[in-house]
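The values are calculated or read from the model by the stated rules, or taken from the named source; none is laboratory data. From a predicted model like this one, the values you see are computed outputs, not experimental measurements. Every residue, glycine as well, gets a Cβ built from its backbone with ideal geometry; the counts of neighbours run over all protein chains shown.
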Amino acid sequence: METDENGDLSLKNVVEVLPVDKVPGDVGPLTFVAFVRNLQPGPGEGAFVLRTPGNEEPIGRLPLEMEVPPGLAARQVALQVTVPSMPVASGGWFELYFEWQGQPLAANRFAIGVKG
């Protein structure tokens, strides 16, 4: 979070703040999307990995498998996983990593907060 010269508060490097009615509770539906290019043709495995900041242990892992056709290997493709609902014990920051073949390719973060 940062405050500008006018005193307005903004969030930097955050895709979204997800509102929930209460915590513990459920948040969802959630759709995680990664735009990737130059994947090797053939079978591949990816995953969206959820962590809390400063913690290397994942709190969730959403795997996906894909057969990359030879004609799409050099092109950008969108890979996505949709989760109808995810239980959360508390609000706060969450880090989302996208891995392909066990290698992290991208990271982002989002926040979960109680409405009101």
* **residue 89 vs. criteria loosely packed, with under 12 Cβ neighbours inside 10 Å, small (Gly, Ala, Ser), more than 18 Å from residue 23 (Cβ to Cβ) and in contact (Cβ under 8 Å) with a residue 24 or more places away in the chain** => no
* **Hey, residue 62 out of contact with any helix residue (DSSP H, G or I) (no Cβ under 6 Å at 6 or more places or on another chain), under 16 Å from residue 89 (Cα atoms) and not β-branched (Val, Ile, Thr) or not** => no
* How many residues are farther than 20 Å from residue 79 by Cα and β-branched (Val, Ile, Thr) when one looks only at the stretch 42-60? -> 2
* Asked: For the stretch 36-80, what are the residues that are under 13 Å from the mean Cα position of the chain (by Cα), surrounded by 13 or more Cβ atoms within 10 Å (Cβ to Cβ) and assigned to a strand (DSSP E or B)?
  -> 46, 47, 48, 49, 50, 51, 60, 62, 79
* **Among (1) touching a helix residue (DSSP H, G or I) at 6+ places or on another chain (Cβ under 8 Å); (2) over 17 Å from residue 105 (Cβ atoms); (3) hydrophobic (A, V, I, L, M, F, W, C) - the single one residue 39 does not satisfy** => (2)
* To do: Run residue 36 past the list (1) at pLDDT below 80; (2) of a type outside the set (Phe, Trp, Tyr); (3) farther than 24 Å from residue 86 by Cα and report the number of the one that doesn't hold.
  => (1)
* **Any hit, the stretch 10-18, residues being within 11 Å of the chain's Cα centre (by Cα), in a strand (DSSP E or B) and surrounded by 12 or more Cβ atoms within 10 Å (Cβ to Cβ)** => no
* Residue selected from the stretch 101-116 under the condition hydrophobic (A, V, I, L, M, F, W, C) and over 9 Å from residue 19 (Cβ atoms), by the criterion surrounded by the most Cβ atoms within 10 Å (Cβ to Cβ) -> 110
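Condition check ((1) over 21 Å from residue 29 (Cα atoms); (2) touching a helix residue (DSSP H, G or I) at 6+ places or on another chain (Cβ under 7 Å); (3) of a type in the set (A, V, I, L, M)) across all residues:
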| site | (1), (2), (3) |
| --- | --- |
| 70 | yes, no, no |
| 73 | yes, no, yes |
| 76 | yes, no, no |
| 83 | no, no, yes |
| 111 | no, no, yes |
| 114 | no, no, yes |
